[in-house]
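This is the structure I want to talk about, given as structure tokens.
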Amino acid sequence: MFGRKSPAPQVVEPENPVKETGKGRPTPSRKEAEAARKARLKQPRSRKEINAANRAQRSEHGDKMRQAMKTGDERYLPLRDKGPVKRFIRDWIDARFTFAEIVLPVLIIALVVPYISLELAMYSQLFTLVVMATVIINLIALRFLLRKELKRRFPDNDLKGTTYYAIMRSIQIRPLRLPKPQVKIGAQLPDDYR
């Protein structure tokens, strides 16, 4: 109070002062402002309008997803089919013929034969067992080959669920697979899927 006062520190002002005012974006034109205001007014107000808008949005998303299932467009595929690992598995399975593809038609024939001829019923059952054993052996071999190829191509990725994905795809009849096959049987696959 009665002591000496220290001199106030000198503030050095920069040569080019930076202007820190403003909103950080250009002012919208009248046309843009009116368009934004009209868009806000068009928003649904009642629950019925909100539900209709949600339904239309889901329908549009579903259409895009169905189209992506046909074309293989990664942006709109369901989560279970997205990513380079899943795309490689699809292409790897589609590029080879597996015995599991024809198991469904063969089993349908084996189920119908006993109704046609009783003498063939015993052979039909034996044939069904042979087909099932062949499919199981084929799928086990497919699994080991695929896991080896996945570890070589994607050493850092988590491979959980890939075996199930590959087996389910290989069991499906080729024309009914979704997403649709993008490679032909016997096609050479690219080295990079990233």
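Residues of the range 69-194: accessible area per residue at 1.4 Å, in Å²?
Per-residue value: 65 Å².
Still on this structure, please answer the following. Roughly how tilted is helix 162-171, in degrees to the nearest 10 and between 0 and 90, from the longest Cα axis of the chain?
Taking Cα atoms only, the helix is inclined about 50 degrees.
Still on this structure: Quick check on packing: order 172-184, 29-41 by the mean number of other C-beta atoms within 10 Å, highest mean leading. Write out the running numbers ahead of the final one.
Values: 172-184: 13.9, 29-41: 9.6.
By packing density, highest mean first, the sequence is 172-184, 29-41.
Charges on Cβ only, +1 for Lys and Arg, -1 for Asp and Glu, centred on the Cα centroid of the range 75-177; of Leu126, Tyr164, Ile109, which one is farthest towards the dipole's positive end?
After comparing all options, I get Tyr164.
Right, here's the next one. Just from the alpha-carbon atoms, what are the Rg and Dmax of the range 114-194 in angstroms?
Cα radius of gyration and Dmax of the range 114-194 are 17.6, 56 Å respectively.
Hey, another quick one. Evaluate the Debye formula for the range 86-125 with equal point scatterers sitting on the alpha carbons, no solvent, and hand back log10 of I(q)/I(0) at q = 0.20, 0.36 Å⁻¹, in q order, two decimals.
Debye intensities relative to I(0), on a log10 scale: -0.63, -1.06.
Report, in cubic angstrom per residue, the convex hull volume of the C-alpha atoms of the range 48-123.
Details: hull volume 12.9 nm³, N = 76.
Expressed per residue, the convex hull around the Cα atoms of the range 48-123 is 169 Å³.
For the range 64-163, what are Rg and Dmax over the alpha carbons, in angstrom?
For the range 64-163, the Cα radius of gyration and maximum Cα-Cα distance read 18.5, 56 Å.
Evaluate the Debye formula for the range 106-158 with equal point scatterers sitting on the alpha carbons, no solvent, and hand back log10 of I(q)/I(0) at q = 0.22 Å⁻¹, in q order, two decimals.
-0.77
What is the helix-to-structure angle for 30-41, meaning the angle in degrees between its Cα long axis and the longest Cα principal axis of the chain, kept from 0 to 90 and rounded to the nearest 10?
So the inclination is approximately 60 degrees.
Continuing with this model, one more query. Hand me the tally of lysine pairs in the range 40-131: alpha carbons under 22 angstrom apart, and the pair either on different chains or 8 or more positions apart.
Numbers: Lys64/Lys82; Lys64/Lys86; Lys70/Lys82; Lys70/Lys86.
Lysine pair count for the range 40-131: 4.
How large is the dipole of the chain about the Cα centre if only Lys and Arg carry +1 and Asp and Glu carry -1, each at its Cβ, rounded to the nearest 20 debye?
1100
Among all the aspartates and glutamates, which ones have a C-alpha under 13 Å from Lys180's C-alpha, if same-chain residues fewer than 8 places away are not counted?
Output for Lys180: Asp73, Glu74, Asp81, Asp91, Asp94.
Over the range 71-194, what relative contact order in percent results from Cα pairs under 8 Å that are six or more residues apart?
This gives 49 percent for the range 71-194.
Moving on to the next point. Arrange the peptides 50-56, 106-112 so that the one whose residues have, on average, the most other Cβ atoms within 10 Å appears first.
With the highest mean Cβ count within 10 Å placed first, the list reads 106-112, 50-56.
Two-decimal Rg/Rh of the chain from alpha-carbon positions, Kirkwood Rh?
When Rh is taken as the Kirkwood radius, the ratio is 1.37.
Taking all protein chains in place and a 1.4 Å probe, what share, in percent, of the accessible surface of the chain do carbon and sulfur account for?
Values: 9350 of 15610 Å².
Accessible surface attributable to carbon and sulfur in the chain totals 60 percent.
The values are calculated or read from the model by the stated rules, or taken from the named source; none is laboratory data. As the structure is a prediction and not an experimental result, all values here were calculated from the model. Backbone-built Cβ (ideal geometry, glycine too); neighbour counts: all protein chains shown. The area values use the complete protein model at the heavy-atom level, side chains included, leaving out ligands, DNA and RNA. Shrake-Rupley method; radii C 1.70, N 1.55, O 1.52, S 1.80 Å.
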